[in-house]
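**Q** Below are the structure tokens for one structure; questions will follow.
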Amino acid sequence: MRPYLLLTPGPLTTTDTVKEAMMSDWCTWDEDYNIGIVEVIRKELVEIASSRPEEYTAVLMQGSGSFCVEATLGSVVRPTDKLLVAANGAYGKRMGVISEYCHIDCHVMKFEETEAVDPKVLDEYLTAHPETTHVAVVHCETTTGVLNPLEEIAAVVKRHGQVLIVDAMSSFGGVPIDMAKIGIDFMISSANKCIQGVPGFGFILARRSLLEKCKGVARSLSLDLFDQWETMEKGHGKWRFTSPTHVVRAFLQALKELKAEGGVAARYGRYCENHRTLVDGMRALGYKTLLPDSQQSPVITSFYYPSAEFDFKDFYQKLKAKGFVIYPGKISQADTFRIGNIGDVHPDDFVRLIEAIKETTV
Ligand SMILES: *Cc1c(COP(=O)(O)O)cnc(C)c1O
């Protein structure tokens, strides 16, 4: 079932047992599905995300992660509100684009792609612009692999009394995050990232008391977060429109496997070890990372091309033939490629990868 390992930030390499979980059909209106699968997932997501689960609730939403970001911004920020987006990469900028589409009054504060979002700069802006009501930020900017300082950012946002929306797409489940402790109001992730499910839906973790007030705010019917939540809540796991049943079932299996691994802390440990093995091996071969270690997440790592003559396509094809699919770079200022550390991949896979890269370069 595995022609090659995906060393990409999602879809990523999943276990055979997650794929096998998709081998039965489910009825969206039957309680085997709604109560037996959807409600279990919603409850477990809240428990993973918050040390005070009673204050939070989970909504599952069809589509990829961006659909969920759009559902959140479009259903939470009112026409009279003002949103600040702190952006140090493509996903932060996308939140700015979504805001334009939704006619949200929004300011995008741009940071260098190779630097983390600076909480001090954020603080200065919020002091000068007290009319701001919501702040949105990406936790792990998958564009480069930067891990933004979520706790410091949240402390600033809370001090100014604003609502904090976090795109934790590529970190939730793989990097410990306690929404209650940190003070996050809305957090978005998707099935095919660190929980290690397959693509097809995403989810939003929301502070219940805030989501309850979002009736009628949405700019889109299919992306109405409140309506989706209300239907799931009152219907005990019912989706408004056709849900990706097989994918949702696979996700339940992925959650079981996360638990069996030892939860988020254990998975974070494995991702860190994957990352360490990768970076140590690459540096020994002469490759340089785009980011300093202090800003680097264990999720995905960007490397500079080793020379001006480097042919990424050729490198990519050779590694693919050896069983590894890597990722092109996504920034404009430098020639880079990326290697993902997440999914059902383990330190020994990275030892083999380094060996393959060594053979490819010779
Ligand atoms: C994957 C990802 C998304 C969502 O991208 P989709 O292509 O819509 O799944 C959003 N933000 C971040 C940080 C991501 O890594």
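The values are calculated or read from the model by the stated rules, or taken from the named source; none is laboratory data. What you are looking at is a predicted structure, and each value in this text was computed from that prediction instead of being measured. Cβ placement follows ideal geometry from the backbone for every residue including glycine, while neighbour counts extend to all protein chains displayed. Quick note on the areas: whole protein, heavy atoms, side chains included, nothing else; ligands and nucleic acids left out. Shrake-Rupley method; radii C 1.70, N 1.55, O 1.52, S 1.80 Å.
**Q** Being open to solvent by 50 Å² or more (accessible area, probe 1.4 Å) and aliphatic (A, V, I, L, M): is that true of VAL117 here? Write out each step before concluding.
**A** On the way: open to solvent by 50 Å² or more (accessible area, probe 1.4 Å): no; aliphatic (A, V, I, L, M): yes.
Taking the combined requirement at face value, the residue does not satisfy it.
**Q** Just to be sure, is GLY202 closer than 25 Å to VAL108 by Cβ and away from the ligand (no atom under 16 Å from the Cβ)? Don't jump to the end; show me each part of the working.
**A** Details: closer than 25 Å to VAL108 by Cβ: yes; away from the ligand (no atom under 16 Å from the Cβ): no.
The answer is no for GLY202.
**Q** Look through THR133, THR127, THR142 and report the one residue that is assigned by TED's automatic domain parsing to the domain that holds LYS181, crowded, with 24+ Cβ neighbours inside 10 Å and not basic (Lys, Arg). Working first, answer last.
**A** On the way: THR133 fails: crowded, with 24+ Cβ neighbours inside 10 Å; THR127 fails: crowded, with 24+ Cβ neighbours inside 10 Å.
Unique residue meeting the criteria: THR142.
**Q** Taking TYR56, is it among the aromatic types (Phe, Trp, Tyr) and either modelled with pLDDT under 95 or within 16 Å of the ligand (Cβ to nearest atom) (or both)? Give the derivation first.
**A** Values: among the aromatic types (Phe, Trp, Tyr): yes; either modelled with pLDDT under 95 or within 16 Å of the ligand (Cβ to nearest atom) (or both): no.
It is false that TYR56 is among the aromatic types (Phe, Trp, Tyr) and either modelled with pLDDT under 95 or within 16 Å of the ligand (Cβ to nearest atom) (or both).
**Q** Among the residues of segment 154-195, what is the count of those that are part of a loop (DSSP other than H, G, I, E, B) and within 12 Å of the ligand (Cβ to nearest atom)?
**A** From segment 154-195, those part of a loop (DSSP other than H, G, I, E, B) are 160-162, 168-171, 173-174, 176-178, 183-185, 191-195; that's our starting set.
Now restrict to residues that are within 12 Å of the ligand (Cβ to nearest atom): 168-171, 174, 191-194.
Here the count works out to 9.
**Q** Right, something else. Can you name the residue in segment 63-78 that is open to solvent by 40 Å² or more (accessible area, probe 1.4 Å) and touching a strand residue (DSSP E or B) at 6+ places or on another chain (Cβ under 8 Å) and is also farthest from the ligand (Cβ to nearest atom) among such residues?
**A** PHE67
**Q** Considering each residue of segment 226-258, count those that are of a type in the set (Gly, Ala, Ser) and assigned to a loop (DSSP other than H, G, I, E, B), and give that number.
**A** To start, the set of residues in segment 226-258 that are of a type in the set (Gly, Ala, Ser) comprises 235, 237, 243, 250, 254.
When the remaining residues are screened for being assigned to a loop (DSSP other than H, G, I, E, B), the result is 235, 237, 243.
Residues flagged as of a type in the set (Gly, Ala, Ser) and assigned to a loop (DSSP other than H, G, I, E, B) within segment 226-258 amount to 3.
**Q** Ok, one more. Confirm whether ILE300 is closer than 30 Å to GLU257 by Cβ and either at pLDDT 95 or above or hydrophobic (A, V, I, L, M, F, W, C) (or both). Steps first, please.
**A** Working: closer than 30 Å to GLU257 by Cβ: yes; either at pLDDT 95 or above or hydrophobic (A, V, I, L, M, F, W, C) (or both): yes.
So ILE300 fits the description; yes.
Let's see how each residue does on (1) polar (S, T, N, Q); (2) within 16 Å of the ligand (Cβ to nearest atom):
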residue: ILE41; (1), (2): no, no
residue: MET61; (1), (2): no, yes
residue: VAL85; (1), (2): no, yes
residue: ASN88; (1), (2): yes, yes
residue: MET95; (1), (2): no, yes
residue: TYR101; (1), (2): no, yes
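**Q** Those residues that are farther than 27 Å from ILE182 by Cα, hydroxyl-bearing (Ser, Thr, Tyr) and part of a loop (DSSP other than H, G, I, E, B), I need them from segment 28-68; list them, please.
**A** If we filter segment 28-68 for residues that are farther than 27 Å from ILE182 by Cα, which is where we start, we get 28-37, 62-63.
With hydroxyl-bearing (Ser, Thr, Tyr) added as a condition, the list becomes 28, 33.
Within segment 28-68, just THR28 meets the criteria.
**Q** Quick one: what pairs do we get from segment 131-150, first residue over 17 Å from LEU73 (Cα atoms) and among the acidic types (Asp, Glu), second open to solvent by less than 10 Å² (accessible area, probe 1.4 Å) and more than 10 Å from the ligand (Cβ to nearest atom), C-beta under 6 Å, 6+ apart or different chains?
**A** Close Cβ pairs satisfying both conditions: GLU141/ASN88.
**Q** Checking the structure you have, find out if any residue of segment 215-232 is farther than 22 Å from CYS102 by Cα, within 16 Å of the ligand (Cβ to nearest atom) and open to solvent by 20 Å² or more (accessible area, probe 1.4 Å). Explain how you work it out, then say what you get.
**A** Quick first cut of segment 215-232, residues farther than 22 Å from CYS102 by Cα only: 231-232.
Still in the running and within 16 Å of the ligand (Cβ to nearest atom): none.
No, that holds for no residue.
**Q** Taking segment 331-362 as the region of interest, how many residues are farther than 25 Å from ALA266 by Cβ and open to solvent by 80 Å² or more (accessible area, probe 1.4 Å)? Steps first, answer last, please.
**A** First, pick out the residues of segment 331-362 that are farther than 25 Å from ALA266 by Cβ: 331-337, 355-362.
Right, trim to open to solvent by 80 Å² or more (accessible area, probe 1.4 Å) and you get 332-333, 335, 355, 358-359, 361-362.
Residues that pass the stated criteria total 8.
**Q** Out of all the residues in segment 200-225, which are over 19 Å from SER66 (Cβ atoms) and assigned to a helix (DSSP H, G or I)?
**A** Within segment 200-225, ARG208, SER209, LEU210, LEU211 meet the criteria.
**Q** Out of the residues in segment 109-130 meeting the condition of being among the aliphatic types (A, V, I, L, M), away from the ligand (no atom under 16 Å from the Cβ) and touching a residue at least 24 places away in the same chain (Cβ under 8 Å), tell me which one is farthest from GLY89 (Cα to Cα). Outline the logic, then answer.
**A** Restricting attention to segment 109-130, the residues satisfying the condition of being among the aliphatic types (A, V, I, L, M) are 109, 116-117, 121-122, 126, 128.
With the extra rule that they be away from the ligand (no atom under 16 Å from the Cβ), the set shrinks to 109, 121-122, 126, 128.
From the residues that got through so far, the ones that are touching a residue at least 24 places away in the same chain (Cβ under 8 Å) too are 109, 122, 126.
On the way: MET109: 11, LEU122: 16, LEU126: 21 Å.
Once the filter is applied, the top-ranked residue is LEU126.
**Q** Across segment 79-91, what is the number of residues that are open to solvent by 10 Å² or more (accessible area, probe 1.4 Å), assigned to a loop (DSSP other than H, G, I, E, B) and touching a strand residue (DSSP E or B) at 6+ places or on another chain (Cβ under 9 Å)? Lay out the reasoning, then the answer.
**A** Taking segment 79-91 as the starting set, the residues that turn out to be open to solvent by 10 Å² or more (accessible area, probe 1.4 Å) are 79-82, 90-91.
If we keep only those that are assigned to a loop (DSSP other than H, G, I, E, B) too, we end up with 79-82.
If we keep only those that are touching a strand residue (DSSP E or B) at 6+ places or on another chain (Cβ under 9 Å) as well, we get 81-82.
So the answer is 2.
**Q** All but one of (1) closer than 30 Å to ALA356 by Cα; (2) touching a residue at least 24 places away in the same chain (Cβ under 8 Å); (3) in a loop (DSSP other than H, G, I, E, B); (4) among the charged types (D, E, K, R) hold for ASP25, so report the exception by its number.
**A** The failed condition is (1).
**Q** How many residues does segment 6-29 contain that are surrounded by 13 or more Cβ atoms within 10 Å (Cβ to Cβ) and more than 23 Å from LYS193 (Cα to Cα)? Show your work before the answer.
**A** Residues of segment 6-29 that are surrounded by 13 or more Cβ atoms within 10 Å (Cβ to Cβ), as a first pass: 6-15, 17-19, 21-22, 26, 28.
When the remaining residues are screened for being more than 23 Å from LYS193 (Cα to Cα), the result is 26, 28.
The number of residues fulfilling the criteria is 2.
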